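Chemist: Pasting in a structure now, in C-alpha cells, and then I'll have a few things to ask.
The values are calculated or read from the model by the stated rules, or taken from the named source; none is laboratory data. Every value quoted in this text rests on a predicted model; they were computed, and no experiment measured them. Heads up, the Cβs are rebuilt from the backbone with ideal geometry, glycines too, and the neighbour counts pull from every protein chain shown.
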There are 2 protein chains.
Amino acid sequence: MTVTDLATRTYNHSFRLDPIVRSLLDTDFYKLLMLQLIWSRHANTNVTFSLINRTRTVRLAEVIDEAELREQLDHARTLRFTKKELIWLAGNTFYGVERMFRPDFIAWLARYRLPDYELRRVDGQFELSFTGPWMDVTLWEIPALAIVNELRSRAALRHRGRFALDVLYARAKARLWSKVERLRDLPELALSDFGTRRRHGFLWQRWCVEALKEGLGERLIGTSNVLLAMDADLEAIGTNAHELPMVAAAEAADDAALAHAPYRVLEEWQRDYAGNLLIVLPDTYGTAAFLRDAPDWVADWTGFRPDSLPPIEAGEQIIRWWQDKGRDPRGKLLIFSDGMDVDSIAATYRHFDGRVRMSFGWGTNLTNDFRGCDPEGDAPLAPLSLVCKVTRVNGRSAVKLSDNPAKATGDPAEIARYLRVFGEAGRVDQTVRV
Amino acid sequence: MTVTDLATRTYNHSFRLDPIVRSLLDTDFYKLLMLQLIWSRHANTNVTFSLINRTRTVRLAEVIDEAELREQLDHARTLRFTKKELIWLAGNTFYGVERMFRPDFIAWLARYRLPDYELRRVDGQFELSFTGPWMDVTLWEIPALAIVNELRSRAALRHRGRFALDVLYARAKARLWSKVERLRDLPELALSDFGTRRRHGFLWQRWCVEALKEGLGERLIGTSNVLLAMDADLEAIGTNAHELPMVAAAEAADDAALAHAPYRVLEEWQRDYAGNLLIVLPDTYGTAAFLRDAPDWVADWTGFRPDSLPPIEAGEQIIRWWQDKGRDPRGKLLIFSDGMDVDSIAATYRHFDGRVRMSFGWGTNLTNDFRGCDPEGDAPLAPLSLVCKVTRVNGRSAVKLSDNPAKATGDPAEIARYLRVFGEAGRVDQTVRV
C-alpha cells in the first residue's frame with residue numbers, strides 16, 4: 001500500500017529553488033580561522049578571488065545554465081549566520097581550546113553576508129570572481145566551488161530514470177563502504193573529511209561523513225565542514241591555506257620582504273593560535289626553498305601539511321629536516337590531504353607507521369568518487385580540478401609556485417620573479433587530477 | 001512509480017525501541033531555571049515526585065503495557081545533555097539576558113542523568129514515583145508525563161488502518177489551522193506553546209509549533225520546550241512553578257514560617273533572576289490569601305501567572321490589587337496558561353485589551369486536541385488530567401491548596417493545617433479538564 005504525503009509532494013514540486021548552500025557554516029573550518037586573523041590584522045587589504053577550472057576539457061558554461069548559477073549565488077548572498085550557529089561557534093571547544101573565536105569577531109560575523117560577484121561567460125567557461133576587502137571576499141571560496149560542482153552533478157543527472165539513479169547511488173554507497181572496510185585495517189588511522197569544496201553535492205557529503213562516523217568510529221577524527229561538525233557532533237578540523245602566504249607575498253615591498261613573507265605569516269598565526277593549529281603549509285613557493293630558509297622556531301611547530309609533492313617523498317623530506325634541526329619526528333605530526341584515496345592513505349600510513357604521527361584529510365575521493373557507478377560512463381560525474389584562488393592583492397598579481405608546476409598560478413612576469421627569489425629546487429611536475 | 005528506500009525501511013522495522021524522549025532538552029524551560037536555583041540553594045533537600053492521574057475513569061495500567069513504559073523510562077535514563085545542547089544553553093540569550101546559566105551549573109548538567117524510578121500497578125493505575133535529592137529528581141516531571149501521554153496515544157492508534165490514520169491527522173491539522181486563523185484576528189496577541197507535558201506525541205507537538213511559527217509569525221513569542229526552541233530558533237519561554245512554594249512550605253518549621261514561605265521563594269527567585277522572569281505564581285495556597293499578605297515589593301514584579309481561577313476573574317483581582325498598591329497595570333504583565341483555548345484566549349484578550357499587558361501559554365488544547373478528529377470517537381485520544389507533582393519533602397507531605405479545591409494535593413491533616421494558616425478566601429470549585 002502506498003500513501004503519498006500530498007503536502008510535502010506539492011511543496012517539493014513548487015520549490016522556487018533547491019538551494020545548494022543553506023548555511024554560512026557550510027564551509028571549511030580553516031576559512032573561519034583564517035578569517036579571524038584577516039579581520040583582526042588585514043582589514044585594509046583588497047583582493048580578488050577567481051574561479052579557475054583547470055579541467056579545460058569540460059566546458060562548464062555549456063554544461064551549467066548561467067541563470068541557475070546566478071540564482072544559487074544570489075541565494076547564498078541572502079544567508080546570515082543564525083543565532084544558533086553563532087552560539088555554537090562562540091561556545092564550542094575547537095582542538096580542546098575554548099573561546100577560539102573572539103566575541104568582537106563573532107559580533108562582526110553576525111552582520112556578515114557574502115558580497116557581490118562578477119560573472120561572465122568566456123570561451124565556454126565561466127569567469128567568476130569576487131573583489132573587495134579580503135575579510136569580505138574570502139568566505140566565497142567554498143560556497144562558490146560547492147555551487148558550481150553540485151550544479152554540474154545536477155546537470156549530468158537531470159534526465160536519468162528513477163531506477164538508474166537508484167542504482168547509481170547504490171553503487172556509490174557500496175564503493176565508499178568498501179573503502180571504509182579497507183581503512184579499518186589501519187589500527188591507528190586518524191582520518192578527517194576534507195571534501196566540502198569538490199563534493200558531488202551536500203546531501204551526498206553528509207551521507208559520506210555519517211557513514212564514516214558509523215563505519216570508522218574513533219578513526220574518524222572529524223570533518224572540515226563546520227555545519228556537519230555541528231550537526232553530527234564531530235570535531236571541526238583545519239588550520240590554514242595558501243591564501244595567507246600568497247597575500248603576504250603580494251604585499252611584500254621588495255624581494256627581501258618577499259623571501260620573508262612565508263615566515264611572517266607563520267609569526268602572525270602563532271601569535272593568534274596555538275597547539276594543534278600550528279601546522280605549516282610549506283609548498284606555496286616550493287617546500288625545498290621553504291625548509292632551506294626557515295628559521296629554527298618553525299621546527300617547534302606541531303607539524304606540516306605537505307600539499308603538492310607525492311606524500312612519501314614530502315614526508316621524508318620534512319622528517320629529514322626535523323632531524324637536521326635536532327627534533328624527534330615521533331612527536332611531530334604530518335597531515336596528508338592532497339588528492340588522497342584509500343591506496344595512498346594505506347601506503348603512506350604503512351610507510352611512516354611508528355616514525356611520525358600522521359593524520360589524513362580525505363577530500364574529493366571521499367565525497368566525489370563515482371568511478372564505475374554511472375551506467376553512462378565516468379565522464380559526466382568525474383570530478384573537476386576546480387579551484388577558487390586569490391588572484392590579485394591591492395592591484396598586484398598573487399602568485400603560487402607550488403611543488404608542482406602544474407599547480408602554479410599568477411602573472412608570468414611575477415612567477416619569474418618569485419622563481420628568482422625562491423629558486424626551483426625540488427619542484428616536480430605531476431598530473432593534477434583533482 | 002514507487003521506489004522504496006529499502007535500507008530505511010529495514011532500519012525502521014527493526015527498531016528495538018521508538019524512543020519518546022530523545023533529548024534531556026525535551027523539557028519545559030522553567031524546569032531548568034528552577035533547577036539552577038534548587039542546585040545552588042537546596043542541594044540537601046530530598047523529595048518525592050509522583051505521577052497522579054486525576055482522570056480516574058481511564059485505567060492507565062490497562063491501556064499501557066508496563067514493559068513498554070519501563071523501556072521508555074529506562075531509555076530516558078540513558079540520555080545525557082549533548083555537547084551541542086550545553087553550548088547552546090551556555091551561549092544562548094534568554095529573555096535578552098546572556099549567561100542565564102552559570103558555568104558551574106552547566107558543568108554539573110554535563111554529568112547529569114535522570115535517577116531511578118519506582119513503578120507499581122495498583123487498582124488499574126500506575127504508581128510511578130521518583131525519590132531522591134530535589135536537584136536530581138525534579139527533571140523527571142516532564143519526560144515522565146510526555147512518556148505516559150504518548151504511550152497512551154500509541155496504544156489508542158495501534159490497530160487503525162493506514163487511511164484512517166491519515167484522515168485522523170488531516171482532521172487534526174485542519175482543526176489546529178482553523179484556530180490559527182481565529183487567533184490572527186487578535187492584532188497584539190503574544191502566544192507561547194506550553195504543551196510539552198500533555199502532548200499527543202513529540203512529532204505532533206513539533207508540527208503544531210512549526211505551524212504556529214508559519215501561521216502566527218511575530219504573534220508566536222516562543223515555546224516552553226527547550227529542544228524545539230533550539231531547533232526552530234524560537235525563544236524559550238517560562239519562569240517558575242508550584243514546586244518551589246510547595247517545597248518551601250513543607251520545609252517551614254512552624255505556622256509562621258509556613259505563612260511566609262510563598263514570599264521567601266520569591267525573595268530567592270529575585271536574587272537569582274530579573275526582568276521578565278519576575279512573574280508571580282500566586283495560587284499555590286489561594287490567590288486571595290497570597291495578595292492579602294504579600295509584602296509591598298511583590299507589586300514591583302513584572303507580572304503574575306494566575307493558574308487556577310477563571311482567567312478574567314483572576315486578572316481583575318490582580319489588577320485591583322496593583323491599583324490598591326498604587327501601581328499602573330498598563331505596565332504590568334498577566335500570563336494566562338491554565339487550560340486555555342482559542343475561545344478563552346480571545347475572550348480574555350478582548351476583556352483586558354489596553355488595560356494590562358498579556359501573554360498566553362497554550363498547552364494541552366494546542367498539542368493534544370483531537371476532538372472531532374477520530375472516526376472512533378473522542379474518548380481514546382481525549383487528554384488526561386495527568387500531573388507529576390512533588391508529594392513529599394524530607395519525609396513530610398507536600399501540599400497544594402490552589403484556588404480550585406479540585407486541584408488540591410497533600411495529606412488531609414496537612415491540608416487542614418494549611419487552610420488554617422492561609423484561609424479559604426476566594427477558592428472556587430471548577431471541573432478540571434486538563
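Chemist: Looking at (1) among the charged types (D, E, K, R); (2) outside any loop (DSSP other than H, G, I, E, B); (3) within 14 Å of another protein chain (Cβ to nearest Cβ); (4) within 20 Å of residue B:21 (Cβ to Cβ), can you tell me which one residue B:80 breaks?
Modeler: The number of the failed condition is (2).
Chemist: Name the residue, out of B:120, B:158, that is basic (Lys, Arg), out of contact with any strand residue (DSSP E or B) (no Cβ under 7 Å at 6 or more places or on another chain) and surrounded by fewer than 20 Cβ atoms within 10 Å (Cβ to Cβ).
Modeler: On the way: B:120 fails: out of contact with any strand residue (DSSP E or B) (no Cβ under 7 Å at 6 or more places or on another chain).
After applying the criteria, what remains is B:158.
Chemist: Quick check: is even one residue across the range A:383-396 within 19 Å of residue A:282 (Cβ to Cβ), surrounded by fewer than 22 Cβ atoms within 10 Å (Cβ to Cβ) and of a type outside the set (Ser, Thr, Tyr)?
Modeler: Applying the first criterion (within 19 Å of residue A:282 (Cβ to Cβ)) to the range A:383-396 yields A:387, A:389-390.
Going one step further and asking which of them are surrounded by fewer than 22 Cβ atoms within 10 Å (Cβ to Cβ), we end up with A:387, A:389.
Then keep just the ones that are of a type outside the set (Ser, Thr, Tyr); that gives A:387, A:389.
Yes, because at least one residue in the range A:383-396 is within 19 Å of residue A:282 (Cβ to Cβ), surrounded by fewer than 22 Cβ atoms within 10 Å (Cβ to Cβ) and of a type outside the set (Ser, Thr, Tyr).
Chemist: Conditions first: (1) part of a helix (DSSP H, G or I); (2) within 21 Å of the chain's Cα centre (by Cα); (3) away from chain A (no Cβ under 14 Å). Residue B:154 passes all but one, so which condition is the exception?
Modeler: The single condition residue B:154 does not satisfy is (2).
Residue-by-condition table, conditions (1) crowded, with 19+ Cβ neighbours inside 10 Å; (2) within 22 Å of residue B:175 (Cα to Cα):
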residue: B:318; (1), (2): yes, no
residue: B:321; (1), (2): yes, no
residue: B:328; (1), (2): no, no
residue: B:334; (1), (2): yes, no
residue: B:353; (1), (2): no, no
residue: B:357; (1), (2): no, no
residue: B:362; (1), (2): yes, yes
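Chemist: Looking at B:109, B:139, which one is in a helix (DSSP H, G or I), within 14 Å of chain A (Cβ to nearest Cβ) and within 22 Å of the chain's Cα centre (by Cα)?
Modeler: On the way: B:139 fails: within 14 Å of chain A (Cβ to nearest Cβ).
Among B:109, B:139, only B:109 is in a helix (DSSP H, G or I), within 14 Å of chain A (Cβ to nearest Cβ) and within 22 Å of the chain's Cα centre (by Cα).
Chemist: I need the full set of residues from the range A:409-434 which are hydrophobic (A, V, I, L, M, F, W, C), at pLDDT below 90 and touching a helix residue (DSSP H, G or I) at 6+ places or on another chain (Cβ under 6 Å), in order please. Show your work before the answer.
Modeler: First pass over the range A:409-434, keeping only residues hydrophobic (A, V, I, L, M, F, W, C): A:413, A:415-416, A:419, A:421-422, A:425, A:428, A:432, A:434.
Then keep just the ones that are at pLDDT below 90; that gives A:425, A:428, A:432, A:434.
A:425, A:432, A:434, listed by residue number.
Chemist: Let me ask something additional. Out of curiosity, is residue A:141 farther than 18 Å from residue A:31 by Cα, touching a residue at least 24 places away in the same chain (Cβ under 8 Å), crowded, with 17+ Cβ neighbours inside 10 Å and not basic (Lys, Arg)? Walk me through it before giving the result.
Modeler: Numbers: farther than 18 Å from residue A:31 by Cα: no; touching a residue at least 24 places away in the same chain (Cβ under 8 Å): yes; crowded, with 17+ Cβ neighbours inside 10 Å: yes; not basic (Lys, Arg): yes.
So residue A:141 fails the test.
Chemist: Mind checking which residues of the range A:269-308 are touching a helix residue (DSSP H, G or I) at 6+ places or on another chain (Cβ under 6 Å) and charged (D, E, K, R)?
Modeler: If the condition is that a residue be touching a helix residue (DSSP H, G or I) at 6+ places or on another chain (Cβ under 6 Å) and charged (D, E, K, R), then A:272 is the only one that fits.
Chemist: Step by step: first the residues of the range B:407-434, then only those that are among the hydrophobic types (A, V, I, L, M, F, W, C) and touching a Ser or Thr at 6+ places or on another chain (Cβ under 7 Å), then the one that is nearest to residue B:243 (Cα to Cα). Which residue is that?
Modeler: The initial filter retains those residues of the range B:407-434 that are among the hydrophobic types (A, V, I, L, M, F, W, C), namely B:408, B:413, B:415-416, B:419, B:421-422, B:425, B:428, B:432, B:434.
Now drop any that are not touching a Ser or Thr at 6+ places or on another chain (Cβ under 7 Å), which leaves B:408, B:432, B:434.
Working: B:408: 13, B:432: 19, B:434: 18 Å.
That would be B:408.
Chemist: Within the range A:93-114, how many residues turn out to be surrounded by 15 or more Cβ atoms within 10 Å (Cβ to Cβ) and not aliphatic (A, V, I, L, M)?
Modeler: Taking the range A:93-114 as the starting set, the residues that turn out to be surrounded by 15 or more Cβ atoms within 10 Å (Cβ to Cβ) are A:94-95, A:100-101, A:105-106, A:108-109, A:112, A:114.
Narrowing the set further to residues that are not aliphatic (A, V, I, L, M) leaves A:94-95, A:101, A:105, A:108, A:112.
Residues meeting the conditions: 6.
Chemist: If residue A:5 passes every condition in (1) within 14 Å of chain B (Cβ to nearest Cβ); (2) under 22 Å from the mean Cα position of the chain (by Cα) but one, which one does it miss?
Modeler: Going through the list (1) within 14 Å of chain B (Cβ to nearest Cβ); (2) under 22 Å from the mean Cα position of the chain (by Cα), residue A:5 breaks only (2).
Chemist: State the number of residues belonging to the range B:403-419 that are surrounded by fewer than 21 Cβ atoms within 10 Å (Cβ to Cβ) and assigned to a loop (DSSP other than H, G, I, E, B).
Modeler: 3
Chemist: Please work out which one of (1) in contact with a helix residue (DSSP H, G or I) (Cβ under 8 Å, 6 or more places away or on another chain); (2) away from chain B (no Cβ under 14 Å); (3) within 26 Å of residue B:229 (Cβ to Cβ); (4) not basic (Lys, Arg) is the condition residue A:89 fails and give its number.
Modeler: (2)
Chemist: Limited to the range B:218-261, what total is found for residues that are in contact with a Pro (Cβ under 8 Å, 6 or more places away or on another chain) and within 21 Å of residue B:387 (Cα to Cα)?
Modeler: Matching residues across the range B:218-261 total 3.
Chemist: Can you find a residue in the range B:54-62 that is within 30 Å of residue B:280 (Cα to Cα), at pLDDT 95 or above and part of a helix (DSSP H, G or I)?
Modeler: No, there is no match, as no residue in the range B:54-62 is within 30 Å of residue B:280 (Cα to Cα), at pLDDT 95 or above and part of a helix (DSSP H, G or I).
Chemist: For the range B:13-36, does any single residue satisfy the condition of being within 14 Å of chain A (Cβ to nearest Cβ), at pLDDT below 95, in a helix (DSSP H, G or I) and out of contact with any Cys (no Cβ under 9 Å at 6 or more places or on another chain)?
Modeler: No, the range B:13-36 has no match at all.
Chemist: Out of the residues in the range B:233-264 that are more than 19 Å from the chain's Cα centre (by Cα) and in contact (Cβ under 8 Å) with a residue 24 or more places away in the chain, which is farthest from residue B:288 (Cα to Cα)?
Modeler: Filtering the range B:233-264 down to residues more than 19 Å from the chain's Cα centre (by Cα) leaves B:233, B:248-264.
Remaining after also requiring in contact (Cβ under 8 Å) with a residue 24 or more places away in the chain: B:249-251, B:255, B:258-259, B:262-263.
Values: B:249: 17, B:250: 20, B:251: 23, B:255: 18, B:258: 16, B:259: 13, B:262: 13, B:263: 14 Å.
Ranking the candidates gives B:251 first.
Chemist: Given (1) in contact (Cβ under 8 Å) with a residue 40 or more places away in the chain; (2) exposed (fewer than 14 other Cβ atoms within 10 Å of the Cβ), where does residue A:129 come up short, assuming only one miss?
Modeler: (2)
Chemist: Looking at the range A:62-99, which of the residues that are under 23 Å from the mean Cα position of the chain (by Cα) and of a type in the set (Gly, Ala, Ser) is nearest to residue A:143 (Cα to Cα)?
Modeler: Among those that are under 23 Å from the mean Cα position of the chain (by Cα) and of a type in the set (Gly, Ala, Ser), it is A:76.
Chemist: Next up: So if I check each of B:355, B:327, B:371, which one is under 30 Å from residue B:166 (Cβ atoms), at pLDDT 95 or above and assigned to a loop (DSSP other than H, G, I, E, B)? Walk me through it before giving the result.
Modeler: Values: B:355 fails: under 30 Å from residue B:166 (Cβ atoms); B:327 fails: under 30 Å from residue B:166 (Cβ atoms).
Unique residue meeting the criteria: B:371.
Chemist: Tell me, which helices (runs of 4 or more DSSP H) wholly within the range A:161-239 include 3 or more residues that are away from every other protein chain (no Cβ under 14 Å)?
Modeler: Those helices (runs of 4 or more DSSP H) span A:162-183, A:202-216.
Chemist: Here's another thing I want to ask about it. Please go through the range B:189-226 and give me each residue that is touching a residue at least 40 places away in the same chain (Cβ under 8 Å), buried (at least 21 other Cβ atoms within 10 Å of the Cβ) and closer than 25 Å to residue B:269 by Cα, ordered by number.
Modeler: Result: B:191, B:192, B:193, B:194, B:195, B:196, B:197, B:224, B:225, B:226.
Chemist: If I ask for residues that are in a loop (DSSP other than H, G, I, E, B) and among the hydroxyl-bearing types (Ser, Thr, Tyr), which ones from the range B:248-288 would you list?
Modeler: Answer for the range B:248-288, where residues must be in a loop (DSSP other than H, G, I, E, B) and among the hydroxyl-bearing types (Ser, Thr, Tyr): B:273, B:284, B:285.
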